[in-house]
Amino acid sequence: MSKTIAAISTAPGVGGIGIVRMSGDDCFKILDKVFKAKNKKNIDEIKGYSIKYGMIVENNEIIDEVLVSYFKAPKSYTSENMCEINSHGGIVIMNKILDLCIKNGAEVAEPGEFTKRAFLNGRIDLSQAEAVIDVINAKTEKEAKISLEQLDGNLSQKIKEIRSVLISVLADIEVTIDYPEYDLEEVTNNKILKTLDKVDKILDNLEKSFYNGKILRDGISVAIIGRPNAGKSSLLNLILDEERAIVTDIEGTTRDTIEEFISIDGIPLKIIDTAGIRNSSDEVEKIGVKKALDIAKKSDIVIAIFDISKELNDEDNEILNILEDKNAIILLNKIDLNNRKIDIKRLEKLKKPMIEISTKTQAGIEKLYEEISKIFNLKEIGTSGETIVSNVRHKNLIINARKYLKDSIDTIKKGMPIDIISSNLKEILEELGKITGESVTEDVINEIFSKFCLGK
């Protein structure tokens, strides 16, 4: 018998509606104690996927006017009896309704416990459960689309197909071991080798897809660097279309980083404005400059902005050194001044994309977006219909599986006994099973669901 859990499933704060969710064997008994429907019916008469109108009451006092959704096992999110109380939004009302559920026998749900029950009850597998949190946290439409495809079982199906093939290979090995008199080992080895090569190509594609998956999930980190007053903060404000950073003629205004997200071609970009690169006696500014240099080195791409009305100096040389081994775009700012002193040929030696812009007139900004999209091929990411791995845990398990797979292939090529291969294949099945949850430990399950929000 499963305990009945309850939680507020909508975000905290004021809103038009709020939802308190319950799931478990006593769900409807507890609901009956706190909810008075306008047209009272026995629970046996109420159909699943139906909604009833009424009041939440305590000691005959009306707490709120609500709609209650009924979901009967096994046709519910958790595969258990489940209900959702749709009340007016507001933390006071929702907390009161939740408290009433708890007083009448429910227990407060742990983070992710509703989805955890959906997994444990077999309605979804572990990779689908993980996709739920990805859908919730999606920052762009493309990321949401990929997460929804995984929730729909896109990756699960691919993993199950691979496991099915490997189980078939194991069966062939068992036949060869059990009936050695038929001398089938050589034929079986050739067949297994071809099959394992095909499986390795599929896993290789899944592993490589993580590059795009990581971009979809985490976005691209873009560091804006340059000397003081080159136009870094003005560029950030222009990109965000708001006065996010302070812009003055005084050098050293930006002491710390400013981070904001934007979207280009459906991909999130984390734009980081940094302190101006220069030698300074100010200890706080020194820290800001060091931080700027560190962020530039770690970022996925650097946007280096130069004031074309000024000659290059030693501080610019430090910036140019960073650009040599990085994805980078050089911006020549203040073209509206018509006062060029910068050494263009020096910059051209870096062989990086170079764009003339004006943060004042907005000239060249669209070209900047186009260049970022081109460098990372953003338009193509998430549009090919391929299965994309976006979860680090999944990627690492695929890498582990491929190691055992290569060991199996090497074993066959070296002419070693066929029964040795079976142990490697079982390890592959074990690693892939951890993706879908078929061979995962309880500690891993608990860790995954602890990252969920309450009420989901």
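Can you tell me which residue within the range 44-86, out of those that are surrounded by fewer than 19 Cβ atoms within 10 Å (Cβ to Cβ) and touching an Asp or Glu at 6+ places or on another chain (Cβ under 7 Å), is nearest to residue 10 (Cα to Cα)?
Per the criteria, the residue is 69.
Given the structure, is residue 347 in a helix (DSSP H, G or I), out of contact with any strand residue (DSSP E or B) (no Cβ under 6 Å at 6 or more places or on another chain) and in contact (Cβ under 8 Å) with a residue 40 or more places away in the chain?
For residue 347, the condition - in a helix (DSSP H, G or I), out of contact with any strand residue (DSSP E or B) (no Cβ under 6 Å at 6 or more places or on another chain) and in contact (Cβ under 8 Å) with a residue 40 or more places away in the chain - is not met.
Tell me which of these residue 304 doesn't satisfy, since it passes every other one: (1) in contact with a strand residue (DSSP E or B) (Cβ under 8 Å, 6 or more places away or on another chain); (2) surrounded by fewer than 21 Cβ atoms within 10 Å (Cβ to Cβ); (3) modelled with pLDDT of 85 or more.
Tallying (1) in contact with a strand residue (DSSP E or B) (Cβ under 8 Å, 6 or more places away or on another chain); (2) surrounded by fewer than 21 Cβ atoms within 10 Å (Cβ to Cβ); (3) modelled with pLDDT of 85 or more, residue 304 fails exactly one: (2).
Can you tell me which of (1) touching a residue at least 24 places away in the same chain (Cβ under 8 Å); (2) touching a strand residue (DSSP E or B) at 6+ places or on another chain (Cβ under 9 Å) is the one residue 53 doesn't meet?
Condition not satisfied by residue 53: (1).
Looking at the range 427-456, I want the residues that are closer than 30 Å to residue 169 by Cβ and have a partner that is of a type in the set (Phe, Trp, Tyr) with Cβ atoms under 8 Å, at least 6 apart or on another chain. Which pairs are those?
427/404; 428/404; 431/404; 437/119; 445/119
The values are calculated or read from the model by the stated rules, or taken from the named source; none is laboratory data. As the structure is a prediction and not an experimental result, all values here were calculated from the model. Methodologically, a virtual Cβ is constructed for each residue, glycine included, from the backbone with ideal geometry; neighbour enumeration extends over all protein chains shown.
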